[in-house]
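Please treat every number below as a calculation from the coordinates, not as lab data. This structure is a prediction, so every number in the text was calculated from the model and none was measured. Counting neighbours? That spans all protein chains shown, and the Cβs are built from the backbone with ideal geometry, glycine included.
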Amino acid sequence: MYERQTEMKRPVLLISIALILSACATRPMGPAASATLAPKSGSSSVGTVTFSQKGDGVMVTIDLTGLKPNAEHGFHVHEKGDCASADAMSAGGHFNPMGKMHGAPMGEHHAGDIPNIKTDAAGRARGSFEIHGLGVGSGPADVIGRSVVIHRDADDYKSQPAGNSGPRIACGVIHRV
């Protein structure tokens, strides 16, 4: 009788363990923030960007539509949490709390310099990647209260101060979630 009860409990135990592990795998490692992007400069670009602290890095997840198909677009955190102007210039310059030169995320760069995003044939960009140099919820490079801006063109990672990435076509203020 005892063996039968143990055998009956085993599948329940395995299912419970699987559910706990899957919940841990999908939960952010630390504080999280997100921005809902609205169109700017006459574009139809919209979407969401989330930031989740993961150790000393930040996991960035994007889901954007209405962009130029099969293209690269500049993607930056800007210093002000203000997307009120029609051209998103109210967001200010790139977020740069350490006073560095603009550059590629793999070298010296503004904290707000994020890798270009690439779109598919439908003008959609989706995915996740980890970056360093930003924080969520604390420290001088905290993204909360800043804005995320998508640009019409790719960032060349060379031109100062902003990478020659063209007009700002989408903007969203970053809020804690």
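To one decimal place, what Kirkwood hydrodynamic radius in Å is obtained for the stretch 98-164 from all pairs of distinct Cα atoms?
Value: 13.3 Å, from the Cα pair sum.
Looking at this model, which pairs from Lys68/Lys118; Lys40/Lys80; Lys54/Lys80 are more than 20 angstrom apart at the alpha-carbon?
Lys54/Lys80
Grab the other residues whose beta carbon is less than 15 angstrom from that of Gly137, score K and R as +1, D and E as -1, and report the net.
+1
Please compute the net charge surrounding Gly93, taking Lys and Arg as +1 and Asp and Glu as -1 over other residues with Cβ under 10 Å from its Cβ.
Once all neighbours under 10 Å are counted, the net charge is 0.
Given an 8 Å cut-off on Cα distances and at least 6 residues of separation, report the relative contact order of the stretch 24-173 as a percent.
Relative contact order comes out at 31 percent.
In whole Hz and in residue order, list the ³J(HN,Hα) couplings for the stretch 52-65 that follow from phi through the Karplus curve 6.51 cos²θ - 1.76 cosθ + 1.60, θ = phi - 60°; x for Gly and Pro.
Working through the residues one at a time gives 10, 5, 9, x, 8, x, 10, 7, 10, 10, 10, 8, 10, 9 Hz.
Over 23 Å, how big is the tail of the calculated P(r) for the stretch 32-176, in percent of all Cα pairs?
Of all Cα-Cα pairs in the stretch 32-176, 24 percent lie more than 23 Å apart.
Could you tally the net charge around Pro69, taking each other residue with its Cβ under 10 Å from the Cβ of Pro69, Lys/Arg +1 and Asp/Glu -1?
+1
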